[in-house]
Amino acid sequence: MAIKNILIVDDSATDTHLLSEMLKKNGFTVATASSGEEGIAKTKKEKPDLVLMDIVMPGMSGFEATRALSKDPETASIPVIVCSTKGQETDKAWGMRQGAKDYIVKPIGEKILMEKIKTL
């Protein structure tokens, strides 16, 4: 599947901006959400090709949102890549168990992000 539309779910305006600029520069269309709840709603409504999910957010965490998306038949086919400052192996393992396809630790380099997207 060719990935064109990407939803960034992150409560940090700085991280959202950096990711958006990186993705737009590489030809992707970007939408954003600032909470897990908003991310789920936008994923259901807009059906992006990929979701980049932060973990630490107010309200619903990225782990909870990833689990909700991966368990819902309506959104289960949309891949999620976790993008978080939480870089412990246990965090990565837990993220993958929630249904994430990959896990990137912030700060995110453009080259690594593009390689991860290409391998989906």
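What follows is calculated from the coordinates using simple rules that are stated; it is not laboratory data. For clarity, every value in this text was computed on a predicted model and none was experimentally measured. Positions of Cβ are backbone-derived with ideal geometry, glycine not excepted, and every protein chain shown enters the neighbour counts.
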Checklist entry - If you plug each phi of the range 43-59 into the Karplus form 6.51 cos²θ - 1.76 cosθ + 1.60 with θ = phi - 60°, what whole-Hz ³J(HN,Hα) values come out, in order, with x for Gly and Pro? => result 5, 5, 7, 9, 6, x, 7, 7, 10, 9, 10, 6, 9, 7, 9, x, x
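Which entries in the list K42/K101; K25/K116; K4/K47; K4/K86 go over 22 Å, if you measure between the two C-alpha atoms of each? Kindly include the intermediate steps, with their values, before the conclusion.
On the way: K42/K101 19 Å; K25/K116 16 Å; K4/K47 11 Å; K4/K86 27 Å.
Those over the limit are K4/K86.
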Item to check | the chain: most fluctuating residue of D102, D15, D72 per GNM, C-alpha cutoff 10 Å | outcome: D72
Item to check | Per-residue [θ]222 nm for the chain (sum of -39500 (n - 2.57) over DSSP H runs n ≥ 4, rounded to 500) | outcome: -13000 deg cm²/dmol
Checklist entry - Which of these, L18, L69, L52, has the largest mean-square fluctuation under a Gaussian network model of the chain (Cα springs below 10 Å)? => result L18
Checklist entry - Put a dot 7 Å past each Cα toward the Cβ at A41 and K111; how far apart are the dots in nm? => result 4.0
Checklist outcome for this item: For the chain, the Kirkwood Rh over every pair of distinct alpha carbons, in Å, works out to 13.8
Item to check | Length-normalised contact order for the chain - Cα pairs under 8 Å, 6+ apart - percent | outcome: 22
Item to check | Highest-fluctuation residue, G59, G95, G36 considered, GNM on the chain with Cα pairs under 10 Å | outcome: G59
Checklist entry - What are the residues whose amide H is under 5 Å from the amide H of I8, where those residues sit 5 or more places off or on another chain and H is modelled from the backbone? => result A31, T32, A33, L52
Checklist entry - For R97, R67, what ranking results if the residue with the fewest other Cβ atoms within 10 Å of its Cβ goes first? => result R97, R67
Next on the checklist: At a 10 Å Cβ-Cβ cut-off, how would you order M96, M22, M57, fewest neighbours first?
Outcome noted: M96, M22, M57
